[in-house]
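Have a look at the structure below, then the notes.
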Amino acid sequence: NGFSYRDLAELVGVKTSSIHYYFPSKDDLILEAVKEYSRRISERLAGISADLPVLDQARQYLEPLRQTCGSNQICLAGMLSTEILSLPESVHSVLKDFYHVNENWLAKLLERGQKERDTPYPVPPAMLAQVIYGALQSGLIAARLFGTQDRLESAAETLLGALCNKRAAALLEAHA
């Protein structure tokens, strides 16, 4: 909500009228931006091979989050979710879909990982996926506040630890 068409026009090197032509309102622009962002993330998730070991899949999932963390960038969907009350219902729907795509991907990964664990998860994989995804989003936001990746790394290690008993045991030992 804190941008103008002029800012955007200068950033992409076009006239303000060109942006107005394709996106008559900021809501139209935001909706299309979220749709495009969601499409790119969905493609990236589809590109992570299910044939890889679950830890490698998780690392590939986490890599862009870790690269983004601490930079001037943030997950568009996570950032807009914090402003949901000022956005139209059409954007709510696309943001919810974005979250569901990520949570479903993580749930499937955790289901595959469950088969390799010595002990069951304390909650169903779908529930754990929601918690981990929420923690990852929160970690990205908190990184900007605190100027450190600690919270994102805690969420990332929760995912990796859930997929690997040995990693989880090492984390517990290190923090005992």
For region 67-144, report the convex hull volume of the alpha-carbon atoms normalised per residue, in Å³, without decimals. 112 Å³
Provide Rg over Rh for the chain; use the alpha carbon set for both Rg and the Kirkwood Rh (inverse mean inverse pair distance). 1.04
FRET efficiency for ILE84 and LYS35 from the Cβ-Cβ distance with R0 = 22 Å, rounded to 0.05, comes out at 0.85
Past the 25 Å Cα-Cα mark, which pairs from LYS115/LYS166; LYS96/LYS166; LYS15/LYS96? LYS96/LYS166; LYS15/LYS96
Put +1 on the Cβ of each Lys and Arg and -1 on the Cβ of each Asp and Glu in the chain; which of ALA156, SER49, ILE84 then has its Cα farthest toward the positive end of the dipole? SER49
Would you mind working out the magnitude of the charge dipole of the chain relative to its Cα centre, with +1 at each Lys and Arg C-beta and -1 at each Asp and Glu C-beta, to the nearest 20 Debye? 140 debye
Mean 1/r over distinct Cα pairs of region 117-161, inverted to a Kirkwood Rh in Å, yields 11.1 Å
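Direction-averaged shadow area of the convex hull around the Cα atoms of region 1-84, nm²?
If I average the Cα hull's projected area over directions, I get 6.9 nm².
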Hey, what did region 61-176 get for relative contact order, percent, Cα under 8 Å, at least 6 apart? 28 percent
I'd like the Karplus ³J(HN,Hα) series for region 17-30: coefficients 6.51, -1.76, 1.60, θ = phi - 60°, whole numbers in Hz, and an x wherever there's a Gly or Pro. 4, 5, 5, 4, 4, 7, 10, x, 10, 4, 4, 5, 5, 5
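Read the figures in this text as sums done on the coordinates, not as results from a lab. Keep in mind it's a predicted model, so treat the numbers as computed, not measured. Methodologically, a virtual Cβ is constructed for each residue, glycine included, from the backbone with ideal geometry; neighbour enumeration extends over all protein chains shown.
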